[in-house]
Amino acid sequence: MKILVVGGGGREHALCWKIAASPLCERLFCTPGNAGIAQEADCVPIGAEDVEGQVAFAKGNAVDFVVVGPEAPLVAGLVDRLSDEGIKAFGPSAAAAMLEGSKGFVKDLCAKHGVPTAEYGRFVDAGSARSFIRETGVPVVIKADGLAAGKGVTVATSQAEAEAAIDAIMVEKKFGAAGDSLVIEEFLDGEEASFFALVDGETVLPLASAQDHKRVGDGETGPNTGGMGAYSPAPVMSPEMERRVMDEIVTPTVAAMKAEGQPYKGVLYAGLMITEEGPKLIEFNVRFGDPECQVLMPRLKSDLLPALMASADGVLANLDLRWHDEAAMTVVMAANGYPGSYEKGSEIRGLEAAAALDGVVVFHAGTKAGAGGTVLADGGRVLDVTATAPTVAEARARAYAAVDLIDWPEGFCRRDIGWRALEPEG
Ligand code: AMP
Ligand code: GLY
């Protein structure tokens, strides 16, 4: 089969790495891909968000199955457009992608169907949002309704901060149309974890849990990022907690989407707060996490491709996945300055030595090929140095040993990825 993976980050490298290993995959394309992905797939420079460009490429190259990595093309209707052209794809329709595309839609769905989540209000004007928080007080969480590249959320601990967040979204329009409406939520206290499941419209096949680190600095300091590292499984997600998340959150949501006439297909990523009252939904994403995907793929023993196809075909009930009994950790190496401004084009050395370590694979998040076989940084998050081992502690030791072999003075990483898993009391 000819497979196309849409996207060009570390998540897509992990997906390509796993799909290329499938006996079903005869030819693998990635649009646009990156220098690491080029070791697994033919990379074609078409932007992930160029829906018509993707459709034309898939059609012109007789692609049998498309796997969409990022949320933006899903929300923009790439899977619907491919389906119009008779091309099968993994991921939700635009209507079902509202589970990530509109925070207000999700909150209303949860309220209607009894899915546990933070109390909330929805607002379309700044004045009523301001008066709401004057009544509720702080801490409170302010969210732009639409896609804001992970930057539209403020956990406000003072009235002034809350009002500034409302103004940034609704008055200054910092997130454009994504901020035409906003959600204000109760602050949830607890430990965060992510849970992933494949869905085929009706059947839910649980995958695994993970935890990521969103702040840029050690000790959870500094601004939020796309994620500076992750590990799987998440210790807080005991088998009992996983059952509760499936029974109380994931399965009811999938049933609700079907009942609403928008059946959900693809991977459902539940961002959770494990509170004293039990698991509560923070948000859904309609794609694999980045960098969480980079720790799920190395743990998966079974072939991924038939599972993705079963999700698209509505036959997940016949499928069973097997997992390695190992933990995985990924450490993100980012360009100095990230998540603020940073430079591109510096050379990265030592990648082969790092990848030669036992249990290590280095996924590329933002690289491009330079002259003479060199690899150059080409993004904010640049590498995902990933390791598997019997325990999180050993996976961490391996991942950092690999990081230390990478010679890239223009980049940095956090040195404390996985602390929650290693200091469960902390
Ligand atoms: P989101 O983009 O919705 O995942 O929000 C980004 C981050 O904000 C989450 O990972 C949480 O750390 C935090 N957050 C979002 N909603 C809440 C909430 N209701 N209570 C506490 N923290 C939250
Ligand atoms: N790592 C967070 C995300 O993929 O949304």
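The values are calculated or read from the model by the stated rules, or taken from the named source; none is laboratory data. Computed from a predicted structure; not experimentally measured. Positions of Cβ are backbone-derived with ideal geometry, glycine not excepted, and every protein chain shown enters the neighbour counts. Remember, those area values only see protein heavy atoms, side chains included, never the ligands or the DNA or RNA. Shrake-Rupley method; radii C 1.70, N 1.55, O 1.52, S 1.80 Å.
Of the strands (runs of 3 or more DSSP E) lying entirely inside region 192-276, those containing at least 2 residues that are of a type in the set (Val, Ile, Thr) are 265-275. The set of residues in region 225-262 that are among the acidic types (Asp, Glu) and in contact (Cβ under 8 Å) with a residue 24 or more places away in the chain comprises GLU242, GLU248, GLU260. On the stretch given as region 387-419, residues that are within 12 Å of SER232 (Cα to Cα) and crowded, with 21+ Cβ neighbours inside 10 Å total 7. When region 301-326 is filtered for residues that are assigned to a helix (DSSP H, G or I) and of a type in the set (S, T, N, Q), the ones remaining, listed by number, are SER311, ASN318. When GLU192 is tested against (1) acidic (Asp, Glu); (2) within 16 Å of ligand 2 (Cβ to nearest atom); (3) open to solvent by less than 50 Å² (accessible area, probe 1.4 Å), just one condition goes unmet, and that condition is (3). Contact annotation: residue pairs with Cβ atoms under 6 Å, 6 or more positions apart or on different chains, pairing a residue in region 145-164 that is under 19 Å from SER128 (Cα atoms) with a partner that is part of a helix (DSSP H, G or I) and away from ligand 2 (no atom under 16 Å from the Cβ), are ASP145/GLY104; THR154/ALA165; ALA156/ALA162; ALA156/ALA165; ALA162/ILE133; GLU163/ARG130. In summary, strands (runs of 3 or more DSSP E) completely within region 1-71 and bearing 2 or more residues that are of a type outside the set (Gly, Ala, Ser) and open to solvent by 10 Å² or more (accessible area, probe 1.4 Å) occur at 27-32. For region 195-215, a tally of residues being surrounded by 20 or more Cβ atoms within 10 Å (Cβ to Cβ) and within 16 Å of ligand 2 (Cβ to nearest atom) returns 10. Strands (runs of 3 or more DSSP E) fully within region 85-162 that include at least 3 residues being open to solvent by 20 Å² or more (accessible area, probe 1.4 Å), within 10 Å of ligand 1 (Cβ to nearest atom) and more than 30 Å from PRO306 (Cα to Cα): 153-156.
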